[in-house]
Amino acid sequence: MARPDKAAAVAEITELFRGSNAAVLTEYRGLTVKQVKTLRRSLGENAQYAVVKNTLTKIAANEVGITELDDLFAGPTAVAFVTGDPVESAKALRDFAKENPALVIKGGVLDGKALTADEIKKLADLESREVLLAKLAGAMKGKQSQAAALFQALPSKLVRTVEALREKVEQGGAGTPAPAAEETAAE
């Protein structure tokens with residue numbers, strides 16, 4: 001690579017790949033500038049949507065160790081570099097693509113693993129990280145409540161059993177001799 005501007009572009013894209021936990025490649029052919037601006041807004045702060053040159057992006061991806069995407073660098077390409085929750089970004093891309101069929105999701109990478117377009121759509125169908133964590137916390141709280149009830153039930157049952165035995169002894173002691181007293185009387 002002879003030109004310093006291209007070297008700087010590759011370095012910038014390489015840093016974007018390194019700084020993100022996911023990247024989604026799209027084809028934006030047929031989208032207006034206004035639509036791309038709307039897409040960038042819908043991705044929010046946890047993703048950066050950049051129109052890129054295929055050759056430079058391919059070099060940058062290879063420098064980071066991502067070689068599975070090489071076949072996807074054809075035609076007009078833009079990459080959503082996701083630094084936040086990949087599910088939210090996948091949902092935003094999926095929803096935008098439904099409204100604007102010109103946006104085509106080509107594939108991507110999540111934590112170093114290549115994803116197909118279908119896998120990205122499945123990722124978009126997942127619930128967000130916060131919802132999954134809330135469900136996990138609820139399940140854990142339910143299990144803790146069950147354990148607490150179990151631990152509380154054992155002493156309570158013991159107390160009820162001891163109380164029942166005490167009442168039985170008190171009732172039995174008034175009119176009936178105790179079994180130990182019967183044995184000593186028989187001797």
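What the table below lists for this structure:
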| quantity | calculated |
| --- | --- |
| Per residue solvent-accessible surface (Å²) - region 67-137, probe of 1.4 Å | 52 Å² |
| Helix 86-99 axis, angle to the chain major axis (alpha carbon atoms, nearest 10°) | 60 degrees |
| Sparsely packed GluC sites (Glu not before Pro) within region 24-96, loop by DSSP, other Cβ within 10 Å at most 11 | none |
| Computed helical MRE - 222 nm, the chain, DSSP H runs ≥ 4 contributing -39500 (n - 2.57), nearest 500 | -20500 deg cm²/dmol |
| Modelled FRET efficiency - R0 30 Å, Lys98 with Lys34, Cβ distances, 0.05 increments | 0.95 |
| Whole-number percent relative contact order across the chain, with pairs defined as alpha carbons under 8 Å at least 6 apart | 24 percent |
| Two-site FRET efficiency, Ala8 against Asp111, from Cβ-Cβ distance with R₀ of 35 Å, rounded to 0.05 | 0.85 |
| Cα gyration tensor, region 18-160 - rounded (a/c under 1.5), prolate or oblate | prolate |
| Cα long-axis angle, helix 33-43 against the chain (0 to 90 degrees, to the nearest 10) | 20 degrees |
| Expected-Rg normalisation [2.2 N^0.38 Å, Cα atoms] applied to region 1-69 | 1.19 |
| Solution diffusion estimate, µm²/s, Stokes-Einstein, region 82-145, Kirkwood Rh from C-alpha pairs, 20 °C, viscosity 1.002 mPa s | 163 µm²/s |
| Apportionment of accessible area to carbon and sulfur, the chain, percent (1.4 Å) | 58 percent |
| Added length on full extension, which subtracts the Cα-Cα distance from 0.36 nm per residue, Gln171 to Glu127 | 9.6 nm |
| Translational D in µm²/s for region 51-112 (Stokes-Einstein at 4 °C, 1.567 mPa s, Kirkwood Rh from C-alpha pairs) | 103 µm²/s |
| Greater than 30 Å apart at Cα, pairs in Lys37/Lys58; Lys37/Lys122; Lys37/Lys113; Lys37/Lys135; Lys98/Lys143 | Lys37/Lys135; Lys98/Lys143 |
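The values are calculated or read from the model by the stated rules, or taken from the named source; none is laboratory data. Quantities reported herein were computed from a predicted structural model and do not represent experimental measurements. Cβ sites come from the backbone with ideal geometry, for glycine too, and all protein chains shown count toward neighbours. Keep in mind that these areas ignore ligands, DNA and RNA; they rest on the heavy atoms of the full protein, side chains included. Shrake-Rupley method; radii C 1.70, N 1.55, O 1.52, S 1.80 Å.
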